[in-house]
Amino acid sequence: MGRILSIDYGMKRIGLALSDPMKIIASPLKTLQAGKNAQETLDLLLKEIASHDIETIVIGLPLHLSNEESEISLLVRKLKEDLETKISTPIILWDERLTSKQVERLMIEGDVKRKKRSQHVDTLSATLILQSYMDSL
């Protein structure tokens with residue numbers, strides 16, 4: 001029984017989250033440091049995908065509140081295209097507007113220090129994206 005992998009893509013860091021086999025609970029997996037170029041980043045993600053039994057990938061799509069594309073959303077669409085040329089796993093783009101802000105607010109309310117917040121915001125954002133996607137199913 002495969003799992004769902006969620007990706008919160010960033011230029012410096014990439015947050016990953018993984019579902020349980022029943023696809024009910026999302027859990028943080030890890031934060032990857034982005035590669036020096038797009039190909040290196042793609043290779044890092046492919047390695048991570050290959051190390052788990054992934055049946056679906058959900059990538060957070062950061063749109064502006066006006067529903068327009070952002071600079072990062074164009075990079076996310078390119079990442080999706082690049083992944084699709086290498087793997088046959090279905091890839092879904094999921095609206096992630098305000099996800100990082102929600103995570104940041106929750107950590108501040110939980111009295112998490114700034115340094116700790118920066119270390120965990122990417123994986124927790126990926127987890128929130130994944131849980132939102134699974135809740136919609």
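Quick rundown of the values:
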| read-out | value |
| --- | --- |
| Residue list for the range 35-61, filter: within 20 Å of Leu137 (Cα to Cα) and assigned to a loop (DSSP other than H, G, I, E, B) | Asp53 |
| Flag for Leu128 being modelled with pLDDT of 95 or more, assigned to a helix (DSSP H, G or I) and either more than 13 Å from the chain's Cα centre (by Cα) or on the phi < 0 side of the Ramachandran plot (or both) | no |
| The range 1-20, residues that are open to solvent by less than 20 Å² (accessible area, probe 1.4 Å), part of a loop (DSSP other than H, G, I, E, B) and either of a type in the set (S, T, N, Q) or in contact with a Leu (Cβ under 9 Å, 6 or more places away or on another chain) (or both) | none |
| One residue from Pro28, Pro62 being modelled with pLDDT under 95, of a type outside the set (D, E, K, R) and crowded, with 16+ Cβ neighbours inside 10 Å | Pro62 |
| Index of the failed condition, Leu42 passing every other in (1) touching a residue at least 40 places away in the same chain (Cβ under 8 Å); (2) of a type outside the set (Ser, Thr, Tyr); (3) open to solvent by 40 Å² or more (accessible area, probe 1.4 Å); (4) within 23 Å of Ser19 (Cα to Cα) | (3) |
| Residues of the range 1-39 that turn out to be among the polar types (S, T, N, Q), more than 14 Å from Gln131 (Cβ to Cβ) and touching a residue at least 60 places away in the same chain (Cβ under 8 Å), as a count | 1 |
| All positions within the range 62-81 that are in a helix (DSSP H, G or I), under 20 Å from Ala17 (Cα atoms) and either free of Cβ contacts under 8 Å to residues at least 60 places away in the same chain or among the basic types (Lys, Arg) (or both) | Ser73, Arg77, Lys80 |
| Residue in the range 87-102 that is at pLDDT below 95, open to solvent by 60 Å² or more (accessible area, probe 1.4 Å) and of a type in the set (Asp, Glu) present | yes |
| In the range 45-54, the residues that are within 16 Å of Lys86 (Cβ to Cβ) and touching a residue at least 24 places away in the same chain (Cβ under 8 Å) | Leu45, Leu46, Glu48, Ile49, His52, Ile54 |
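The values are calculated or read from the model by the stated rules, or taken from the named source; none is laboratory data. Since we're looking at a predicted model, the values are computed, not measured. Quick reminder, even Gly has a Cβ in these numbers, built from the backbone with ideal geometry, and neighbours come from all protein chains shown. What goes into the accessible areas is simple: the full protein's heavy atoms, side chains included, and nothing from ligands, DNA or RNA. Shrake-Rupley method; radii C 1.70, N 1.55, O 1.52, S 1.80 Å.
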